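Participant: Would you mind keeping the following structure in view while I ask a few things?
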Amino acid sequence: MFPPREGTPEGTPPSVAANITSDPAAGIGGWIDQEIGRAITQGMARDGRTLKPPMAYGYYAGLKPADLADIIAYLRTVPPLQ
């Protein structure tokens with residue numbers, strides 16, 4: 001969990017880190033590569049909702065396709081965790 005950044009409005013809820021392990025139910029194991037890539041580069045979840053900072057979507061949007069594919073391949077190796 002990440003507390004709101006300094007200067008955010010009072011009452012802003014914290015950001016909760018998502019499960020990015022290969023678990024098919026609790027993590028991203030059931031996602032296709034395009035969905036994972038979209039989450040990384042555009043900050044959009046599988047269901048279409050907007051993901052919250054502190055993920056640096058703008059920075060990752062400029063990744064070369066091969067580099068993004070390598071990140072996705074790595075994430076697929078993370079052992080499942082619920």
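Participant: Anything in the stretch 19-50 that is among the small types (Gly, Ala, Ser) and touching a Gly at 6+ places or on another chain (Cβ under 8 Å)? List them, or say none.
Facilitator: 22
Participant: While we're on this one: Condition first: among the hydroxyl-bearing types (Ser, Thr, Tyr), surrounded by 14 or more Cβ atoms within 10 Å (Cβ to Cβ) and over 10 Å from the mean Cα position of the chain (by Cα). Now tell me which residues in the stretch 32-70 satisfy that. Reasoning before the result, please.
Facilitator: At the first step, the residues of the stretch 32-70 found to be among the hydroxyl-bearing types (Ser, Thr, Tyr) are 41, 50, 57, 59-60.
Cutting the leftovers down to surrounded by 14 or more Cβ atoms within 10 Å (Cβ to Cβ) gives us 41, 57, 60.
Matches in the stretch 32-70: 60 only.
Participant: Might you let me know whether the stretch 16-24 holds any residue that is more than 10 Å from the chain's Cα centre (by Cα), over 14 Å from residue 76 (Cα atoms) and either open to solvent by 60 Å² or more (accessible area, probe 1.4 Å) or at pLDDT below 95 (or both)?
Facilitator: Here is the first cut: in the stretch 16-24, the ones more than 10 Å from the chain's Cα centre (by Cα) are 16, 21-24.
Of the ones still in play, those that are also over 14 Å from residue 76 (Cα atoms) are 16.
Retained after the next criterion (residues that are either open to solvent by 60 Å² or more (accessible area, probe 1.4 Å) or at pLDDT below 95 (or both)): 16.
Yes, that holds for at least one residue.
Participant: Same structure, new question: Looking at the stretch 73-82, is at least one residue open to solvent by less than 90 Å² (accessible area, probe 1.4 Å) and under 11 Å from the mean Cα position of the chain (by Cα)?
Facilitator: There is at least one residue in the stretch 73-82 that is open to solvent by less than 90 Å² (accessible area, probe 1.4 Å) and under 11 Å from the mean Cα position of the chain (by Cα).
The values are calculated or read from the model by the stated rules, or taken from the named source; none is laboratory data. These numbers come from a predicted model, not from an experiment. Note that each Cβ is placed from the backbone with ideal geometry, even for glycine, and that neighbours are counted across all protein chains shown. Each accessible area value is taken on the protein alone, full model and side chains, heavy atoms only, with ligands, DNA and RNA left out. Shrake-Rupley method; radii C 1.70, N 1.55, O 1.52, S 1.80 Å.
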